[in-house]
Amino acid sequence: MIGTEIETGLQELEVLLSQGDWLTADAVTLEIMLATCQRRELGWLDQEAIALFPCEMLHQLDQRWLFYSGDRFGFSTQLKIYRQEVGRSAFDYCRQVGWTMTLWRPTGFFNFYNWLTFSLDAPRGHLPALWFWEMPWYHSWLMGGFGTGRGASFGEPRLFDAMMLRVERCQQI
């Protein structure tokens, strides 16, 4: 997805979002992010990739999510919740937007990705999320998960902190 492929990805994202296909739009968002960072082969983003993520592309992705979700989803919405409503705690954010498991009470384990809600009924800030979930199986194992990304792992939300810092810096440009 270099150059014109990224443009095609952005057009596809716009169509998916306009149709309310939040699950596929989330996957396309990750694909665009990976292509932009030249990490398609790796298949996941780390803190360094996020720290260097181009602001222009972040704005383009964010604006599409904001527009088609009525400001419910998008990186700016996530930042607003992170800043104001939960006092800059990534783990509190994850609980508030439904990213952690709730068995008989909230736990410190992340939901499996396919347990997230892919509709406008999801809590504000719930999406996009796949960029946060996708990780190598061995990272998942090290965090207590089952090798299936962030699902069932005991949360270490530094990646989310890194993204919120990037969004914040990009808003200043």
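Test of understanding: among S76, S140, S153, which residue is hydroxyl-bearing (S, T, Y), in contact (Cβ under 8 Å) with a residue 12 or more places away in the chain and touching a strand residue (DSSP E or B) at 6+ places or on another chain (Cβ under 9 Å)?
On the way: S76 fails: touching a strand residue (DSSP E or B) at 6+ places or on another chain (Cβ under 9 Å); S140 fails: touching a strand residue (DSSP E or B) at 6+ places or on another chain (Cβ under 9 Å).
Just a single option satisfies the conditions, and that option is S153.
For the range 8-103, list the helices (runs of 4 or more DSSP H) that sit wholly inside it and hold at least 2 residues that are farther than 24 Å from G151 by Cβ and touching a Phe, Trp or Tyr at 6+ places or on another chain (Cβ under 8 Å); which are they? Spell out the reasoning first.
Details: elements: 22-36, 47-51, 55-69, 75-80, 90-96.
In the range 8-103, 55-69 are the helices (runs of 4 or more DSSP H) which contain 2 or more residues that are farther than 24 Å from G151 by Cβ and touching a Phe, Trp or Tyr at 6+ places or on another chain (Cβ under 8 Å).
Kindly evaluate T29 against the criterion of being touching a residue at least 40 places away in the same chain (Cβ under 8 Å), within 15 Å of M163 (Cβ to Cβ) and touching a helix residue (DSSP H, G or I) at 6+ places or on another chain (Cβ under 7 Å).
Working: touching a residue at least 40 places away in the same chain (Cβ under 8 Å): yes; within 15 Å of M163 (Cβ to Cβ): yes; touching a helix residue (DSSP H, G or I) at 6+ places or on another chain (Cβ under 7 Å): yes.
Taking the combined requirement at face value, the residue satisfies it.
Looking at H139, H126 in this structure, which one is closer than 29 Å to L42 by Cβ, of a type outside the set (K, R) and at pLDDT below 95?
H139
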Residue in the range 118-135 that is in contact with a Lys or Arg (Cβ under 8 Å, 6 or more places away or on another chain), farther than 25 Å from L34 by Cβ and either surrounded by fewer than 17 Cβ atoms within 10 Å (Cβ to Cβ) or not charged (D, E, K, R) (or both) present: yes
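The values are calculated or read from the model by the stated rules, or taken from the named source; none is laboratory data. Computed from a predicted model, the values in this text were never measured in an experiment. Glycine also receives a Cβ, built like all others from the backbone with ideal geometry; neighbour counts cover every protein chain displayed.
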